[in-house]
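The values are calculated or read from the model by the stated rules, or taken from the named source; none is laboratory data. All values reported here derive from a predicted model rather than from experimental measurement. Don't worry about glycine lacking a Cβ; one is built from the backbone with ideal geometry, like all the others, and counts go over all protein chains shown.
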Amino acid sequence: MTVRLYWKDAYMREFDSTVEGVDGNRVILKETAFYPKGGGVLNDTGTLTVNGVGCRVADVSKEGDTIFHHVEGIPQIKPGDSVHGVIDWQRRYSLMRYHTAVHLMDGIVEKRYQAGGITGGQIFPDRARIDFAMSGLSREVAQKIIDEANAAVLEGHRVLAKSLTREEALAIPNLARTEPGREMMKAMDSVRVVEIEGIDMQMDGGLHVANTKEIGRISLSSFENKGKNSKRVEITLE
């Protein structure tokens, strides 16, 4: 099992580790600060330096509890080698800001509108796409949600990640917002949750900023009506 340093400190930019395995251009480390793609959020990129030679980490994926670093120009490397990793911080921080912005909007929809919610989406370093199951969602209502989110950004709500027992998590209504998520939660001994104080709490394995003020101003870049109960919103951050 790869130790996930990014869960201990989402702001970690560099780290040292040890190679545990090599599979072609995929490198397995004992611990890593590189976040793998998943849950609609793109992976980190950056560099690994092994035996004084640097190589680019172009992709990061996970299979079960193992995280794979897909590297370009891999040097001679073997299990037991020491490595130094450096995260592409600008990309990481942008993904964190967008991820927290999406949670903020989701929390506002959940509390204020009590109808539908986010059913999917994709978070990129320069934008986020959000799909809502809200029959009454129009461009005007989407803008109202964003206006409320921007007010919460300026209020400076703390964003906290913590672990709950399965029993504690199941006792909190709507902690998992999808049926697959609820089924997954039932099988977990420990459930990681992300809380925006006073606004939202949900099961989540992603990375976030520590305070809503770090998000910056949210802007509506596009709105698409994809059907009665399917609306797509795209946002950008200033």
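For region 110-130, does any single residue satisfy the condition of being under 22 Å from Leu5 (Cβ atoms), touching a residue at least 24 places away in the same chain (Cβ under 8 Å) and of a type in the set (Gly, Ala, Ser)?
no
Being part of a strand (DSSP E or B) and either modelled with pLDDT under 90 or farther than 17 Å from Asp106 by Cα (or both) is the filter here, so list the residues in region 152-198 that pass it.
Result: Lys162, Ser163, Leu164, Thr165, Ser190, Val191, Arg192.
For Gly107, state whether it is buried (at least 16 other Cβ atoms within 10 Å of the Cβ), at pLDDT below 95 and part of a strand (DSSP E or B).
No: the conditions fail for Gly107.
Checking the condition touching a Pro at 6+ places or on another chain (Cβ under 8 Å), more than 30 Å from Asn229 (Cα to Cα) and not assigned by TED's automatic domain parsing to the domain that holds Ala149, which residue from Lys8, Lys78, Lys62 passes?
Of the residues listed, the single one that is touching a Pro at 6+ places or on another chain (Cβ under 8 Å), more than 30 Å from Asn229 (Cα to Cα) and not assigned by TED's automatic domain parsing to the domain that holds Ala149 is Lys62.
Taking Val191 as the residue in question, decide whether it is over 17 Å from Glu214 (Cα atoms) and in contact with a helix residue (DSSP H, G or I) (Cβ under 6 Å, 6 or more places away or on another chain).
Yes: the conditions hold for Val191.
Just checking, how many residues over region 14-33 are of a type in the set (S, T, N, Q) and over 15 Å from Ile87 (Cβ atoms)?
Count: 2.
Considering each of Ile146, Ile118 in turn, give the residue that is in contact with a strand residue (DSSP E or B) (Cβ under 9 Å, 6 or more places away or on another chain) and at pLDDT below 90.
Exactly one of Ile146, Ile118 is in contact with a strand residue (DSSP E or B) (Cβ under 9 Å, 6 or more places away or on another chain) and at pLDDT below 90, namely Ile118.
Identify, from the list Ala33, Ala101, the residue that is within 26 Å of Met184 (Cα to Cα), buried (at least 18 other Cβ atoms within 10 Å of the Cβ), of a type in the set (Gly, Ala, Ser) and outside the structural domain of Arg158 (by TED's automatic domain parsing).
Among Ala33, Ala101, only Ala33 is within 26 Å of Met184 (Cα to Cα), buried (at least 18 other Cβ atoms within 10 Å of the Cβ), of a type in the set (Gly, Ala, Ser) and outside the structural domain of Arg158 (by TED's automatic domain parsing).
Output the number of residues of region 182-207 satisfying the condition of being loosely packed, with under 15 Cβ neighbours inside 10 Å, in contact with a Leu (Cβ under 9 Å, 6 or more places away or on another chain) and closer than 23 Å to Ala10 by Cβ.
Final tally of qualifying residues: 2.
State whether one or more residues within region 44-60 are under 14 Å from the mean Cα position of the chain (by Cα), in contact (Cβ under 8 Å) with a residue 24 or more places away in the chain and part of a strand (DSSP E or B).
Yes: one or more hits.
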